[in-house]
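Read through the structure below, which is laid out as structure tokens, and then see the notes.
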């Protein structure tokens, strides 16, 4: 073997026989520190495959003497986090929503927890910033269909709106004035112009004057004499700048003709007391809470 | 007669002799080095520097500094848990870490400066590896004796006496190593508290782990590996070559006056041979902590500890020759003197060429001149070093201790309220960077008619609010700014949010934007 490779003249060291463009590799011994590190790595590797999961099998990898698993690690971390929060969660469970908001520590925790639940459960309809979209109310503003006090918000989230599965759900129904022929299309046009007028938008004043009478007869019972709305029945305020289904003439006519009735699920039974309280605290903190 | 003095010749060979010769193996087993004790000016300087540097290292965490009731009273403290760094009167927040980066840049430029002036002074005097190795060798010498005694003990068969000496030596080394590793952790927590909890076993695992690792490295590097760290592990010997020039002071064997070497001057003189000053006593090799022969010239292994200068000078004094056969010298001077000493035709060094009739050096011989310190290179390094220092000092003196950060809500950017007015939300972060509680007045400037509300403080109304911020803390608030429909202009309207401390009249201003949706008219 030794005779196979030539010996380098200058250094007197045998070459490995590898050659690249005339450059030959000397077969120098490995540095001792390198060799020992290598042996130590082998020793470590043997210890490692004994102690930790290593060999793949038909039904999962070998368990290893230490019985370590990443899932167990995660479970442990999660339960530790739960344990760490258990005290404050118990306080939130026992406290009323108003007391939670009055206590800085509880409020901070509840708002943060509510924000994360909101992203998962509520953002689908209300938007990730709770900014809403036509048909789904913006929760940042100060216009509330069913009330903006903490306990009102909590009630709405817990029991939902027009959710048939919850007997305490908030519910109401606006008549389909056009579809059910309660008003003629001329009357609807007039009352729509009146609604535009009281919300300080451009309107045909002559039609609006006719519409005022129709409004008092047909709409004021729920929406109020001046269109200020009625939260007991979830009737929106009409003389303001906020529109659930847009405020242009066509949208208003459409809503009078055949109203859409928004539905929100009852979350109380799905998420539990603590989570809905946290959600209510978060919604209340968005800036429109009363 | 000076020549009657008997100079003991050391039987020692440089460890790197023949290392570069053809056929030498790439890997060489370590040659044990038993540095002999040296005495002289440089050795005394090294003792002093060792004392000062070790004292700084061990004592600093125990210095106290009163910062009032709201901040730790440890003079130097790296508070990882609270993300604060304290250095006497300076407190640094994580975002001010560039001061530390600046210090590191200064340390780097300072190292260049020192190296270009006096070569590897860092390696020879202040590098922790050098200081601790020096200390460990001193301990070794204290228990086992000087070079010859240590060599004898090393070669001797194992006996009770040898075992006892070795156990004592290693135990002392380990004690020093534990103290070294132990001192490190006190920079990261209140030292007295940590010491107590460390001794009673209550300290966090990281403390014990750190001490264990640093104990091991100190013991292994200082006691066992020593010069091998400098020669094989440290990158600085490789980099230093770029930092030196012909005017840098480096430890030099002045062969122009040393050669030819004589083993016995009497014999040589009797034979009519011309001899240089070097008596080939090998004292310079025997004291070398990296085991080299400086007479082979500048080399990577030389850490310029200058102990060979001490050793040689004491020999020169004994034999009545001028000191400085080995000296700090520049390559320029050395080359100049060498040319003078060499016979122009044969190229052989001839001692008589540099001496006059009385044996004194001729006037053409160049000696150390302090003016070599002032060269373009060193002045540029000094200028850079000073400029960075002054800039940092200026920034430190004028830095804000009240800061204001404003993050405009992005989702939604703006909200239309029931009466048509527009509301924008901002997350406002007030940084009270002094260890005292403060009341900061937050106000909006511009944006006519706009009102402010704070989510966390329902009582706030109007255009400003007094906000109390805990000492050395950040307070984050969600602030709503609302402008009525009549006052709004569509688009991004600039305005200012201001934080003001009435007591110190410190002020921070943030240029914010108020977003009003809609098509521009």
Within the stretch A:172-188, residues being surrounded by fewer than 19 Cβ atoms within 10 Å (Cβ to Cβ) and in a helix (DSSP H, G or I) number 2
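Conditions tested, residue by residue: (1) in a loop (DSSP other than H, G, I, E, B); (2) at pLDDT 90 or above; (3) exposed (fewer than 12 other Cβ atoms within 10 Å of the Cβ).
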site	(1), (2), (3)
B:12	yes, no, no
B:17	yes, no, no
B:27	yes, no, no
B:30	yes, no, no
B:57	no, yes, no
B:60	no, yes, no
B:78	no, yes, no
B:81	yes, no, yes
B:86	no, yes, no
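Output the residue which, of all residues in the stretch B:499-521 that are free of Cβ contacts under 8 Å to residues at least 60 places away in the same chain and within 48 Å of the chain's Cα centre (by Cα), is farthest from residue A:108 (Cα to Cα).
Just the residues of the stretch B:499-521 that are free of Cβ contacts under 8 Å to residues at least 60 places away in the same chain, to begin with: B:505, B:511, B:518-521.
Now drop any that are not within 48 Å of the chain's Cα centre (by Cα), which leaves B:505, B:511.
Details: B:505: 31, B:511: 28 Å.
This residue is B:505.
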Selection over the stretch B:398-449 where residues are within 9 Å of another protein chain (Cβ to nearest Cβ) and part of a strand (DSSP E or B) yields a count of 4
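Tell me the residue from B:404, B:417, B:396 that is touching a residue at least 24 places away in the same chain (Cβ under 8 Å), over 30 Å from residue A:130 (Cα atoms), touching a strand residue (DSSP E or B) at 6+ places or on another chain (Cβ under 9 Å) and surrounded by 12 or more Cβ atoms within 10 Å (Cβ to Cβ), please. Full working, then the answer.
Working: B:404 fails: over 30 Å from residue A:130 (Cα atoms); B:417 fails: over 30 Å from residue A:130 (Cα atoms).
The unique qualifying residue is B:396.
Sort out for me the helices (runs of 4 or more DSSP H) sitting completely within the stretch A:55-167 that have 3 or more residues that are away from chain B (no Cβ under 14 Å) and modelled with pLDDT under 90. Give the derivation first.
Working: elements: A:70-94, A:97-102, A:104-121, A:123-126, A:150-159.
Counting at least 3 such residues, we get no helices (runs of 4 or more DSSP H) at all.
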Sole miss for residue A:120 among (1) out of contact with any helix residue (DSSP H, G or I) (no Cβ under 9 Å at 6 or more places or on another chain); (2) closer than 14 Å to residue A:262 by Cβ is condition (2)
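In the stretch A:217-243, which residues are touching a strand residue (DSSP E or B) at 6+ places or on another chain (Cβ under 8 Å), assigned to a loop (DSSP other than H, G, I, E, B) and on the phi < 0 side of the Ramachandran plot?
Result: A:241, A:242.
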Over the stretch B:366-385, the set of residues surrounded by 14 or more Cβ atoms within 10 Å (Cβ to Cβ) and part of a helix (DSSP H, G or I) is B:372, B:373, B:377, B:378, B:380, B:381, B:382, B:384, B:385
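Looking at the stretch A:59-84, which of its residues are closer than 21 Å to residue A:47 by Cβ and loosely packed, with under 10 Cβ neighbours inside 10 Å? Even if it seems obvious, please write down each step before you answer.
To start, the set of residues in the stretch A:59-84 that are closer than 21 Å to residue A:47 by Cβ comprises A:61-70, A:72-73.
The answer is A:70, and nothing else.
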What about residue A:238, is it within 23 Å of residue A:186 (Cβ to Cβ), surrounded by 15 or more Cβ atoms within 10 Å (Cβ to Cβ), more than 14 Å from every other protein chain (Cβ to nearest Cβ) and in contact with a helix residue (DSSP H, G or I) (Cβ under 7 Å, 6 or more places away or on another chain)? no
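The values are calculated or read from the model by the stated rules, or taken from the named source; none is laboratory data. Values in this document were obtained by computation on a predicted structure and should not be read as measured data. All Cβ positions, glycine included, derive from the backbone under ideal geometry; neighbour counts span all protein chains shown.
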